[in-house]
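Below you'll find the structure, written out as structure tokens, and then a few comments.
The values are calculated or read from the model by the stated rules, or taken from the named source; none is laboratory data. All of these numbers come straight from a predicted model, not from anything done at the bench. Here the Cβ is made from the backbone with ideal geometry for all residues, glycine too, and neighbour counts use every protein chain on show. Ligands, DNA and RNA are stripped out before the accessible areas are found, and what is left, the full protein with its side chains, is counted by its heavy atoms. Shrake-Rupley method; radii C 1.70, N 1.55, O 1.52, S 1.80 Å.
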Amino acid sequence: KNFVGKTVITIKAAASKNYKAASKKVTVKVNPAGVKITSAKSAASGKVTVKWKKNAKATGYEIQYSTNKKFAKAAAKSRKVKKASKTKEIISRLKKGKTYYVRARTYKKVAGKTYYSGWSNKKKVKIKK
């Protein structure tokens, strides 16, 4: 079963002769499992082909790319891949000769809310001239 979303955990302590019974409910946010990028290669002039391992329980993937290795907001761009069955995306309109960094994460939609995994490993790729 998929437990992505908010889950309530109940902790119960049994009564003993020295203590009363007690219980505590804790709500935790459960994010989907992440994804691993297997390759990011300059496919053609101004393009990068990104490949990753499939996560069948995800709704889709988010691919982020940037010329800044820390993915500064001004330099980073994102793209959503809405099919969980896809394992490859081609990013185009990139500057020739520049170095880009690429990372990915999964997302899962549950009851109208979207939950994201952590970001994957990042891959460095130089765009062909």
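What are the semi-axes of the equivalent ellipsoid of the range 74-129, taken as the square roots of 5 times the eigenvalues of the Cα gyration tensor, listed largest first and rounded to whole Å?
After diagonalising the Cα gyration tensor, the semi-axes are 26, 12, 10 Å.
Where does the chain land on Rg(C-alpha)/(2.2 N^0.38 Å)?
1.47
Quick check: convex hull over the Cα atoms of the range 1-74, volume per residue in Å³, rounded to an integer?
Roughly 182 Å³ of hull volume per residue.
Karplus couplings for the range 16-29 from phi (6.51 cos²θ - 1.76 cosθ + 1.60, θ = phi - 60°), rounded to Hz, Gly and Pro as x?
3J(HN,Hα) across the range 16-29, in whole Hz: 9, 6, 9, 9, 7, 5, 9, 8, 9, 9, 10, 9, 10, 8.
Going Cα to Cα from LYS54, which lysines come in below 20 Å? Please leave out same-chain ones fewer than 8 positions away.
Excluding near neighbours in sequence, the set is LYS1, LYS36, LYS41, LYS80, LYS82, LYS83, LYS86, LYS88, LYS108, LYS109, LYS122, LYS123.
Could you go through the range 113-126 in sequence order and give the Karplus-derived ³J(HN,Hα) for each residue, using 6.51 cos²θ - 1.76 cosθ + 1.60 with θ = phi - 60°, rounded to whole Hz, and x for Gly and Pro?
Coupling constants for the range 113-126: 10, 10, 10, 10, 7, x, 6, 6, 4, 9, 10, 9, 9, 9 Hz.
Of the accessible area of the range 1-47, with the probe set at 1.4 angstrom, what percent is carbon plus sulfur?
About 55 percent, which is the carbon plus sulfur part of the accessible surface.
Treat every Asp and Glu Cβ in the chain as -1 and every Lys and Arg Cβ as +1, leave all other atoms uncharged, and give the resulting dipole magnitude about the Cα centre to the nearest 20 debye.
Its charge dipole is roughly 420 debye.
For the range 1-61, what is the accessible area per residue in Å² when the probe is 1.4 Å?
72 Å²
For a quick check: with amide H placed at 1.01 Å from N, whose amide H comes under 5 Å from THR59's, ignoring anything fewer than 5 positions away on the same chain?
The list, which skips near neighbours in sequence, is TYR107, LYS108, LYS109.
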